[in-house]
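Read through the structure below, which is laid out as structure tokens, and then see the notes.
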Amino acid sequence: MAKIAPTNKNILVVAGDPSGDLHAANLIKALRDKDPEISVTSLGGVRMQEVSAHFIYNLVSVGAVGFAEPFKNFFLWLKLIKLVRRYLEDKRPACVIAVDFYGFNNQVLGLASHRNIPAFYYISPQVWASRPGRAARLAKLTKEIFVIFPFEEALYRKVNGSATFVGHPLLDLMPEPVGKNFPSAGGEWKIGILPGSRKAEISRHLPLFIKAFYRIKEQHPRARAYLFAVPEFPDDRIVPALESVERYWSKDIEIVREKDYKIRARLDFAFTCSGTATLENALLGVPMAVAYKMSWFTYEVARRVAKTPYISLVNILLDKPAVKELIQEKATVDNLAQEAFSFINNPPRMQAARGELISLRGMLGSHGAAERAAQKILLHLT
């Protein structure tokens with residue numbers, strides 16, 4: 001591990017998924033804008049690596065999800081926890097900032113607490129969706145939790161935690177929704193394919209979404225698909241899955257990696273893996289079908305511990321089935337294509353759905369989430 005000069009302005013930041021990597025990187029920028037002497041050491045992804053003084057490991061590239069899958073990386077997790085422990089003991093940073101990614105960050109927070117190093121959580125894990133008892137542990141291990149949904153403040157205060165709603169960081173990244181006319185001119189429907197950001201998610205969802213797109217293309221030959229990929233997955237990790245689909249032709253599907261959401265904002269419809277991508281689509285006014293397939297074991301456990309009737313953030317926030325959720329055996333090509341046609345062949349429904357999805361913007365606070373969190377963290381440290 002790189003040698004770090006002891007200083008009371010060292011900060012350790014840890015994230016483990018692509019959205020966490022993105023928001024953590026913006027938080028690091030905000031911290032350094034407010035205090036250029038801040039030195040950040042991080043575990044995360046390529047975006048955090050770009051803005052950190054020292055980078056320990058690319059956790060995002062590992063990408064385990066579910067209840068059984070993380071055990072496959074047990075020895076790697078053990079090695080990384082040892083690295084974090086050594087860093088905390090040798091460098092004693094001013095604080096630790098955890099960003100989402102509960103399983104790993106729970107261990108990191110425990111190590112920091114044991115060594116009396118203050119810790120903060122930016123973007124609380126969605127403990128309210130499955131195991132609310134975890135909220136008490138997070139409240140105990142942190143000085144303050146910066147939450148991105150308004151209802152989360154009360155959840156942590158009930159367990160004597162300090163929580164502040166700072167707004168949703170996506171509001172600082174998303175362009176305003178573009179105006180659209182339906183039906184699409186000449187049948188040139190723009191279909192988004194968002195199969196997830198982890199290897200297992202991509203392998204389970206991508207073939208389904210591609211086949212569903214070709215169902216659309218049968219009726220609308222000028223339709224085109226845009227496959228949105230994260231930086232950690234280069235084309236050579238995606239193209240084999242595409243080529244496994246018999247009808248795949250590269251001119252039909254464009255692989256996209258973008259930071260400004262300009263292409264995503266122009267989509268007419270999207271096949272989307274459950275996760276942050278569903279909320280991104282909603283803020284852009286993109287109707288969607290949400291699918292999720294997981295291992296049998298993960299599904300059985302999740303089904304028993306889930307505390308909400310929905311899996312997508314859109315439906316959870318609106319508290320109704322605003323978007324179709326297709327889970328496990330319901331996530332089929334037929335069902336996905338049928339949902340897409342219910343919008344494509346019904347322009348008034350598509351326009352109404354856009355308006356409802358865009359209304360979510362008003363529930364997520366105001367711009368400046370990272371700046372507000374950074375300001376409060378620095379106030380604690382001084």
message: Give me the residue from the stretch 141-161 that is modelled with pLDDT of 95 or more and not aliphatic (A, V, I, L, M) and, out of that set, farthest from GLY20 (Cα to Cα).
response: LYS143
- prompt: Picking from ASN345, ASN315, which residue would you name as being closer than 28 Å to ARG266 by Cβ, surrounded by fewer than 14 Cβ atoms within 10 Å (Cβ to Cβ) and not acidic (Asp, Glu)?
  reply: ASN345
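Which one is nearest to TYR156 (Cα to Cα) among residues in the stretch 112-125 that are of a type outside the set (Phe, Trp, Tyr) and surrounded by 17 or more Cβ atoms within 10 Å (Cβ to Cβ)? Step through it out loud before you land on a result.
We begin by selecting, within the stretch 112-125, every residue of a type outside the set (Phe, Trp, Tyr); these are 112-119, 123-125.
Still in the list and also surrounded by 17 or more Cβ atoms within 10 Å (Cβ to Cβ): 112, 117-119, 123-125.
Values: ALA112: 20, ILE117: 21, PRO118: 18, ALA119: 15, ILE123: 13, SER124: 10, PRO125: 12 Å.
The qualifying residue nearest to TYR156 (Cα to Cα) is SER124.
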field: Which listed residue, of TYR121, TYR87, is in the same structural domain as ASP17 (by TED's automatic domain parsing), within 25 Å of the chain's Cα centre (by Cα) and hydroxyl-bearing (Ser, Thr, Tyr)
entry: TYR121
message: Just to be sure I understand, how many residues within the stretch 321-369 are on the phi > 0 side of the Ramachandran plot and touching a strand residue (DSSP E or B) at 6+ places or on another chain (Cβ under 7 Å)?
response: 1
message: Here is a list: ALA337, ALA322, ALA291, ALA282. Which entry is of a type outside the set (Phe, Trp, Tyr), at pLDDT 95 or above and in contact with a His (Cβ under 9 Å, 6 or more places away or on another chain)?
response: ALA291
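Of LEU313, LEU357, LEU317, which residue is over 15 Å from GLY192 (Cα atoms), free of Cβ contacts under 8 Å to residues at least 40 places away in the same chain and of a type in the set (A, V, I, L, M)? Give the derivation first.
Details: LEU357 fails: free of Cβ contacts under 8 Å to residues at least 40 places away in the same chain; LEU317 fails: free of Cβ contacts under 8 Å to residues at least 40 places away in the same chain.
That would be LEU313, the only listed residue that is over 15 Å from GLY192 (Cα atoms), free of Cβ contacts under 8 Å to residues at least 40 places away in the same chain and of a type in the set (A, V, I, L, M).
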message: When the residues of the stretch 184-201 are narrowed to those that are surrounded by fewer than 23 Cβ atoms within 10 Å (Cβ to Cβ) and among the aliphatic types (A, V, I, L, M), which ends up modelled with the lowest pLDDT?
response: ALA185
message: Kindly evaluate VAL256 against the criterion of being β-branched (Val, Ile, Thr), under 21 Å from PRO347 (Cβ atoms), assigned by TED's automatic domain parsing to the domain that holds VAL333 and touching a strand residue (DSSP E or B) at 6+ places or on another chain (Cβ under 7 Å).
response: no
task: Inspect the stretch 285-295 for any residue being assigned to a helix (DSSP H, G or I) and buried (at least 21 other Cβ atoms within 10 Å of the Cβ) and give the result as yes or no.
output: no
task: Kindly establish whether SER274 is of a type in the set (Gly, Ala, Ser), modelled with pLDDT under 95 and over 23 Å from the mean Cα position of the chain (by Cα).
output: no
Qualifying positions in the stretch 239-251 - touching a Leu at 6+ places or on another chain (Cβ under 7 Å) and in a loop (DSSP other than H, G, I, E, B): TYR248
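The values are calculated or read from the model by the stated rules, or taken from the named source; none is laboratory data. This is a predicted model, so every value here is computed, not measured. Neighbour counts are summed over all protein chains in view; Cβ atoms, including those assigned to glycine, are modelled from backbone coordinates with ideal geometry.
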